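Structure first, then comments.
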Amino acid sequence: MTPPFCNVALPVPLRTTFTYAIPEALQGTVQAGSRVLVPFRKKSMVGVVVEMAESAPQGTKIREISRVLDFVPTLTPKLIALAHSIAGYYLAPVGEVFRAMLPPMTELKSQRQIILTDAGREAAESLSGGELSHGLSSAEAAFLAKVKEKKGAVLLGPAAKLGVDAAALQRLQRRGLIEIRESMEGRKRRTQRVIAWKGAAESIEKDQGKDNAETRSTQRNRREEIEGKGIAETPATQRNRSEKKIRELLETERGPLPLPQLLKLAQVTRATVERMLLDGLLESWEEAIDPAEDQFDAGYAPPAHELNAEQENALKAVRARFALGEFGVQLLHGVTGSGKTEVYLRAVQETLARGKTALVLVPEIALTLWIGRQCRSWFGAKFEGVAVLHSALSDVERAREWWRVRNGEARVVVGTRSAVFAPLDPVGLIIVDEEQESSFKQEETPRYHGRDVAIVRAKMEGALALLGSATPSMETYHHAREGKYELLTLASRVAERSLASVEIADLRKDFQQTHQTSPISAALHAGLQECLASGTQALVLINRRGYSWSVVCRSCGASVQCVNCSISMTHHQQRNRLECHYCGSIQQIPKVCPKCQSKYVYFFGEGSEHLEERLRKEFPGARIARLDRDTARTKRQYQETLGAFAGGALDILVGTQMLAKGHDFQRVTLVGVVSADSSLSLPDFRAAERTFQLLTQVAGRAGRGELSGRVLIQTFYPEHYAIQDAVKQDYGAFFERELHFRRMMAYPPFTSLANVIVRDISLEKAIRWSRQLSEYFSPHDDKGVRILGPATAPLARLKKEHRFQFLLKSPKRSVLAKLLNGALSYCEANEIPGTAVLVDMDPLSLL
């Protein structure tokens, strides 16, 4: 009999669950992991059933569930256990954790289907003689026979129509006789028209006859002669050239292409393509567009490389771990361009062959497009598809992808941080690419780290967690050195390509020689000039958006601050306004200083927009584009810019750190890094680590093809060890130096760290609550925990809230967790709001 009560987790900032009664009409339909609609205070909320309960707490009024939203539980038992683990470790309300795990609530049409399993089919056949077995009632036996007659599948409908009630269906499901699947219909999927060169067609030269059978060099000479004499080309010559360009694109350079992209790349009209289709030179078909795929991705086929000795050894270690059939963590430490992705794909292939599923986590949405494309090409047709999960998808697309995974229709998932909660089962492999990236850390409740949650989930599933990076985090590499993780090394690039040479451009000396302040040093200018002359490409990285990152008065020295945050506003010239990159507030550009009314307002510091403008002035003939969050607000814009650069339509690409990792541009021979040391001045103990990682990653974008590469790092601090080791691309040397600093200052990986922020719009309340919390912490200082603070946070005001900070260090994580749990209980007892105290375990930023 179904228990009469259930405990429900709700998305509220309270570290508890709530007990609800199950009304008689819903008996048998409520299960752990199902979403339910419940009354909460004066409104209705969607929650998750965590567990069934035989009794309710005494002395409280128990309200009833209003509606069950899922007949098939949304979350599996393992995901429920994972949520409790996250809530406990990160001290987050369990309801907030479930909210982060759940698929979007959308207006998708739900279709529930009852599928007869092999065991159910055998049971139905054994019951055909009229004898009841398997402990079934006559109604249940009749229902199985009915489903068998319907070819093993019927739609879920009312009990009167099916002949059994919900409780009977649950019993049959528990016995493994039926499966209940829930699929999302949603909107009709878009299609695209794809054009391909028809292999059976004769070459254009033969079709057009001997008069048009000129060689390419003869045609080029003839074209130059025509252009030199000003003679107009004949329609036949123009048609031949258009057809040749289309053939080169479709047969040699790119393969089948969507019609809009073909028209754009070949610079031909639709009529030309339609005529070639009628002549039998081309063929076309309609193709559904995957929500994770762009119209510009059609026909992509990943390069199939043979593994070198190092890659083969790494794959053997992965296979050995699979053979053990138990949990383990491996770190794949490979230099940039060493072929880590190839090892990932082979590892996924091995996992699928063993009948398990695989999850691939990447730090940026941009990288999901690239790795997702490769996974679809490798595994899509053979293994029932690949799902991609990230926030750039619409709610409808995300929900549809999520339910595809939940129903077992997709066995490989590629996604960003939140994809770690994808309902795959059984999980055999979890890959975390670029595991050191800060984007894996969520900066709002629950403040979990995607990499660490991936490891915990792999442990729960008995799976392999494979972490990959050219510049692993200090903590991860320390674990590998200590033997906690298995270390796999790729020390050289594929095809024996050499690493790019790295040089320093000392901006102090550059100013002494030129007496000018420019974001482009003399060395970088010369390098770009050389690239343009040789027909190769260049990347220029500047890790700041906008035109200028500060607006300062030359008279009084005041800067224009955000009205909500204690941070300078950033000038965006194209939008003609000032923006705050923290809260999103906007101001008009002042004509006079807001403080002293002086008209001498100065725009200070260069951003990516300013750098692009400067490059266009210095290299007027170059084809230049910019890629940052201002220019690539959609997936389409992002792919068009990257596609143009990869296809050779651009000479110089300016961008922020989204260019620094994962991309493989074969013709890039120069990478310039502007303001390489800007992050070194931040009040954060990870500043040197981040600088080294960024410089090493961006250096890896050069020289990835047959051409050798060169990297120029512009800096005011060339002596800093982070920059010196990045120049040598010597991770081992940097690790040893940084580890010594961490040990001396008692920072991770030698201690556990927690950042506690007390915040409120009222400065008086924030100060009072900080003092109260300090009174709780004071007796515990230096008793297994070192407590620093309270102090004004580096960002003293953020989104209108005043902020005060405590920093807690302890060599034992359990001691730290116990103290923080007590602190949160103390806050509840002293009526300090839960939203006023933020606890960030293992923080990546102390700002």
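The values are calculated or read from the model by the stated rules, or taken from the named source; none is laboratory data. The structure presented is a predicted model; accordingly, all values stated were derived computationally and were not measured. Here the Cβ positions follow ideal geometry from the backbone for every residue, glycine too, while neighbour counts run over all protein chains shown. Heavy atoms of the whole protein, side chains included, go into the accessibility calculation; ligands, DNA and RNA do not. Shrake-Rupley method; radii C 1.70, N 1.55, O 1.52, S 1.80 Å.
Structure values in brief
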item: Selection within region 812-821 - open to solvent by less than 50 Å² (accessible area, probe 1.4 Å) and under 28 Å from Lys799 (Cα atoms); result: Leu820
item: Residue selected from region 330-341 under the condition open to solvent by less than 10 Å² (accessible area, probe 1.4 Å) and assigned to a strand (DSSP E or B), by the criterion farthest from Arg406 (Cα to Cα); result: Gly334
item: Strands (runs of 3 or more DSSP E) wholly inside region 1-69 that include at least 3 residues being open to solvent by 50 Å² or more (accessible area, probe 1.4 Å); result: 43-53
item: Residue match in region 273-280 (condition: among the small types (Gly, Ala, Ser), surrounded by 16 or more Cβ atoms within 10 Å (Cβ to Cβ), modelled with pLDDT under 90 and more than 30 Å from Glu434 (Cβ to Cβ)); result: no
item: Search result, residues across region 747-774 that are small (Gly, Ala, Ser), open to solvent by less than 20 Å² (accessible area, probe 1.4 Å) and more than 30 Å from Ser473 (Cα to Cα); result: Ala766, Ser770
item: Qualifying position, being polar (S, T, N, Q) and over 24 Å from Gly88 (Cα atoms), among Ser770, Ser762, Ser814, Ser810; result: Ser762
item: Members of region 828-839 found to be over 32 Å from the mean Cα position of the chain (by Cα) and crowded, with 20+ Cβ neighbours inside 10 Å, listed by number; result: Ile832
item: Residues within region 781-794 that are surrounded by fewer than 18 Cβ atoms within 10 Å (Cβ to Cβ) and at negative phi, tallied; result: 7
item: Looking only at region 789-816, and only at residues there that are assigned to a helix (DSSP H, G or I) and over 29 Å from the mean Cα position of the chain (by Cα), the one that is farthest from Ser770 (Cα to Cα); result: Ser814
item: Residues located in region 585-594, provided they are open to solvent by 40 Å² or more (accessible area, probe 1.4 Å) and either over 24 Å from Lys800 (Cα atoms) or modelled with pLDDT of 90 or more (or both); result: Ile586, Gln587, Gln588, Ile589, Lys591, Val592
item: Test: Glu612 is open to solvent by 20 Å² or more (accessible area, probe 1.4 Å), acidic (Asp, Glu) and either under 19 Å from Ala366 (Cβ atoms) or free of Cβ contacts under 8 Å to residues at least 60 places away in the same chain (or both); result: yes
item: Count of residues meeting criterion [crowded, with 22+ Cβ neighbours inside 10 Å, closer than 17 Å to His610 by Cα and touching a Lys or Arg at 6+ places or on another chain (Cβ under 8 Å)] in region 533-553; result: 1
item: Test result for Leu144, out of contact with any strand residue (DSSP E or B) (no Cβ under 6 Å at 6 or more places or on another chain), modelled with pLDDT of 80 or more, part of a loop (DSSP other than H, G, I, E, B) and open to solvent by less than 20 Å² (accessible area, probe 1.4 Å); result: no
item: Selection count where residues are over 17 Å from Glu736 (Cβ atoms), among the small types (Gly, Ala, Ser), out of contact with any helix residue (DSSP H, G or I) (no Cβ under 6 Å at 6 or more places or on another chain) and not in a loop (DSSP other than H, G, I, E, B), scope region 459-488; result: 1
item: Matching residues in region 489-509 - criterion: being of a type in the set (D, E, K, R), assigned to a helix (DSSP H, G or I) and modelled with pLDDT under 85; result: Glu496
item: Filter pass, Asn240 being polar (S, T, N, Q) and modelled with pLDDT under 60; result: no
item: Check on Tyr582, in contact (Cβ under 8 Å) with a residue 60 or more places away in the chain, surrounded by fewer than 19 Cβ atoms within 10 Å (Cβ to Cβ) and of a type in the set (Phe, Trp, Tyr); result: yes
item: Residue in region 408-425 that is farther than 20 Å from Leu466 by Cβ and open to solvent by 10 Å² or more (accessible area, probe 1.4 Å) present; result: yes
item: Residue within region 695-718 that is at pLDDT below 90, within 21 Å of the chain's Cα centre (by Cα) and polar (S, T, N, Q) present; result: yes
item: Candidate set: region 482-532, residues that are of a type in the set (Ser, Thr, Tyr) and more than 31 Å from the chain's Cα centre (by Cα); chosen: the one surrounded by the fewest Cβ atoms within 10 Å (Cβ to Cβ); result: Thr517
item: Selection status of Ile431, open to solvent by 10 Å² or more (accessible area, probe 1.4 Å), modelled with pLDDT of 95 or more, within 23 Å of Thr357 (Cβ to Cβ) and hydrophobic (A, V, I, L, M, F, W, C); result: no
item: Contacts under 7 angstrom Cβ, first residue in region 549-567 being closer than 17 Å to Leu847 by Cβ, partner surrounded by fewer than 16 Cβ atoms within 10 Å (Cβ to Cβ) and of a type in the set (Lys, Arg), 6 or more apart; result: Asn564/Lys800
item: Test: Thr570 is among the β-branched types (Val, Ile, Thr), farther than 27 Å from Lys799 by Cα and open to solvent by less than 70 Å² (accessible area, probe 1.4 Å); result: no
item: Scope region 677-694; condition modelled with pLDDT of 90 or more, part of a helix (DSSP H, G or I) and of a type outside the set (A, V, I, L, M); matching residues; result: Glu689, Arg690, Thr691, Phe692, Gln693
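Each row is one residue, and each column tells you yes or no for (1) in contact (Cβ under 8 Å) with a residue 24 or more places away in the chain; (2) closer than 30 Å to Ser534 by Cβ.
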| site | (1), (2) |
| --- | --- |
| Pro590 | yes, no |
| Ser598 | yes, no |
| Phe603 | yes, no |
| Arg616 | no, yes |
| Phe619 | yes, yes |
| Leu627 | yes, yes |
| Gln639 | yes, yes |
| Ala649 | yes, yes |
| Thr656 | yes, yes |
